[in-house]
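A short worksheet on the structure shown next.
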Amino acid sequence: MRMLKHGSCLLVFALLAASVTSRAQVSVACKNAAVDTCFRSCDVILFDQCVTGCISGYEDSPLKCKEECAGLPFCEGKCFEVLRTIANCSYVTGDLTATCGAIVLNRSTGQWQQTVQIRNTTSTSRLENVGFVLDSLAPGWTLSNGNGVTSDLTPTGNPYKNVGTIEPGATARVTLQFARTGTLPFGYIIRVVTGNLR
Amino acid sequence: MAVACRADLFNNTTADQQFSVFYSTGFSQIGDQVQLSSPGLLTSLDTQFYNAGSDASFDATLTFYDIGGPVGSQIGAFTLTGISIASFTSQTVTFANLGNLLVPADVIVAFSVQNVSAGGDIGLNFFDPPTTGTSDASYFIADDGTGFAQASTLLDIDNVYLRISGTDGNAVPEPSSAVLVFVVLGGMAFVRKRR
């Protein structure tokens, strides 16, 4: 039986970087590519800091960036550059499923709302700092209970909602609230992320 | 011979869930799969629209379908024109002349709207649970322009305001049965005349 996805949200299985290796893993190839890209940007000026920063970024941890770079801003900058690149890596699908309900009007509050369920389909991996980004939100609609717009994740400027931790096999349920101008159709592409960057 | 009574075959008009789904959000038809108390010869149907825009008028088409995947063949369709609905209000609309349309007990009911006047924004209200008949509250039926499918609010309230009235279809003798009765009676009259 076909379930409607169009007109509500389209899920893109782009589960992004986890910051701790004990959790769901970003592909190694992706992380290597991020570090390699960083290396290629290093030149003779502050070369040692650049290399240190790029290597530290492989750990995919803002805390590690600060520890390894010992307060050197150029080093930290390169390290965070790697983190941002890793953040845009894609997981192999299968870590989660997301189901979006139809957008409805709550007549008692006058608020447009949509229920979204995100299920951790793994049996062992905890998904921490889960959030989802509403890419390409339809014109005329704005997310009114989000946690901000993306600045580290590309594309930037898209609203997101933090979900928190989802244990293995568990389902998180979130209510999105929207404001609407006009009568244009509703829709967006959902991008689920983990980690500290948004 | 059974006496046919007109009654509610489905009634979901009691518990307003305070949520509405709108055609403008991306649906061309919105409805539900319902289980009537019996197959029916339908006389009337009530549903309830909501207008989230400015005062408006619109036309509405009611269509009955057989169950399929999830929607099958069309059974019948009826249109009302020039329905008026004020801004931010609910309006119960009656399709009064269904002409004894015969429908199965398990049936799809769907609505579309046309000619919505400027500024109007029309939707259907969710009520749940039904007091006569049954319907699964985990989904409603909608066409998003790509075909019918099950849709859901994920709120377990997904039953559209409906009151469906008619005659119990099981109480109507089969046409073949009626013919048989007349043949027997006619035969008996013939035999008596010959004697």
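The values are calculated or read from the model by the stated rules, or taken from the named source; none is laboratory data. Given the structure is predicted, the values throughout are model-derived calculations rather than measurements. Cβ sites come from the backbone with ideal geometry, for glycine too, and all protein chains shown count toward neighbours. In case anyone asks, the SASA skips ligands and DNA or RNA and just uses the protein heavy atoms, side chains included. Shrake-Rupley method; radii C 1.70, N 1.55, O 1.52, S 1.80 Å.
For segment B:20-43, enumerate the residues that are among the hydrophobic types (A, V, I, L, M, F, W, C) and under 17 Å from the mean Cα position of the chain (by Cα). Can you show your working first?
Pass one, segment B:20-43, residues among the hydrophobic types (A, V, I, L, M, F, W, C): B:21-22, B:27, B:30, B:34, B:36, B:41-42.
Residues satisfying the conditions are B:ILE30, B:VAL34, B:LEU36, B:LEU41, B:LEU42.
Looking for whichever is in a strand (DSSP E or B), polar (S, T, N, Q) and closer than 20 Å to B:ASP168 by Cα here; the options are B:GLN48, B:GLN33. Which one fits?
On the way: B:GLN48 fails: closer than 20 Å to B:ASP168 by Cα.
The match here is B:GLN33.
Among the residues of segment B:143-159, write down those that are open to solvent by less than 30 Å² (accessible area, probe 1.4 Å) and more than 7 Å from every other protein chain (Cβ to nearest Cβ).
Passing the criteria: B:ASP143, B:GLY147, B:ILE157, B:ASP158, B:ASN159.
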Open item on the list: Take the conditions under 14 Å from the mean Cα position of the chain (by Cα), farther than 22 Å from B:SER138 by Cβ, surrounded by fewer than 15 Cβ atoms within 10 Å (Cβ to Cβ) and modelled with pLDDT under 90 and apply them to A:THR165. Does it pass?
Closed with: no
TODO: Residues being at pLDDT 75 or above, outside any helix (DSSP H, G or I) and open to solvent by 60 Å² or more (accessible area, probe 1.4 Å): count how many of those fall in segment A:19-50.
DONE: 4
TODO: From (1) out of contact with any helix residue (DSSP H, G or I) (no Cβ under 8 Å at 6 or more places or on another chain); (2) at pLDDT 95 or above, pick out the condition that doesn't hold for B:ALA7.
DONE: (2)
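How many of the residues in segment B:47-70 are open to solvent by less than 30 Å² (accessible area, probe 1.4 Å) and modelled with pLDDT of 95 or more?
Filtering segment B:47-70 for residues open to solvent by less than 30 Å² (accessible area, probe 1.4 Å) gives B:47-53, B:56, B:58-65, B:70.
Okay, now just the ones that are also modelled with pLDDT of 95 or more, so B:47-53, B:56, B:58-65.
Residues that pass the stated criteria total 16.
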TODO: Please go through segment B:27-55 and pick out each residue that is aliphatic (A, V, I, L, M) and within 11 Å of chain A (Cβ to nearest Cβ).
DONE: B:ILE30, B:ALA52
Open item on the list: Just to be sure before I move on: is B:SER37 of a type in the set (Ser, Thr, Tyr) and open to solvent by 50 Å² or more (accessible area, probe 1.4 Å) in the structure I sent?
Closed with: yes
Open item on the list: Any residue in segment A:105-124 that is more than 9 Å from every other protein chain (Cβ to nearest Cβ) and touching a residue at least 12 places away in the same chain (Cβ under 8 Å) sitting within a Cβ distance under 6 Å of a residue that is open to solvent by less than 20 Å² (accessible area, probe 1.4 Å) and β-branched (Val, Ile, Thr)? List the pairs, counting only those 6 or more apart or interchain.
Closed with: A:ASN120/A:ILE166
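Consider B:THR92 carefully, then state whether it is open to solvent by 10 Å² or more (accessible area, probe 1.4 Å) and touching an Asp or Glu at 6+ places or on another chain (Cβ under 6 Å). Quick ask: steps written out before the conclusion?
Working: open to solvent by 10 Å² or more (accessible area, probe 1.4 Å): yes; touching an Asp or Glu at 6+ places or on another chain (Cβ under 6 Å): yes.
Yes: the conditions hold for B:THR92.
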- [ ] Please identify the pairs in which a residue from segment A:168-187 that is within 11 Å of another protein chain (Cβ to nearest Cβ) has its Cβ atom under 7 Å from the Cβ atom of a residue that is open to solvent by 50 Å² or more (accessible area, probe 1.4 Å) and modelled with pLDDT of 95 or more, counting only partners at least 6 apart or on another chain.
- [x] A:PHE178/A:THR142; A:PHE178/A:SER144
- [ ] State which residue pairs qualify: first residue open to solvent by less than 50 Å² (accessible area, probe 1.4 Å) and inside segment A:51-73, second residue part of a loop (DSSP other than H, G, I, E, B) and not aromatic (Phe, Trp, Tyr) in any location, beta carbons under 7 Å apart, and separation of 6 or more residues or different chains.
- [x] A:VAL51/A:CYS42; A:CYS54/A:CYS42; A:ASP60/A:ALA17; A:ASP60/A:SER19; A:ASP60/A:VAL26; A:SER61/A:SER19; A:PRO62/A:ASN196
- [ ] Kindly indicate whether B:SER24 is open to solvent by 50 Å² or more (accessible area, probe 1.4 Å), polar (S, T, N, Q), in contact (Cβ under 8 Å) with a residue 40 or more places away in the chain and within 14 Å of chain A (Cβ to nearest Cβ).
- [x] no
Task: Residue that is surrounded by the fewest Cβ atoms within 10 Å (Cβ to Cβ) [pool: residues in segment B:73-88 that are over 26 Å from A:LEU105 (Cα atoms) and either at pLDDT below 95 or among the hydrophobic types (A, V, I, L, M, F, W, C) (or both)] - done: B:ALA77
Open item on the list: Being more than 16 Å from the chain's Cα centre (by Cα), open to solvent by less than 60 Å² (accessible area, probe 1.4 Å) and more than 10 Å from every other protein chain (Cβ to nearest Cβ) is the filter here; which residues of segment B:115-136 pass it?
Closed with: B:SER117
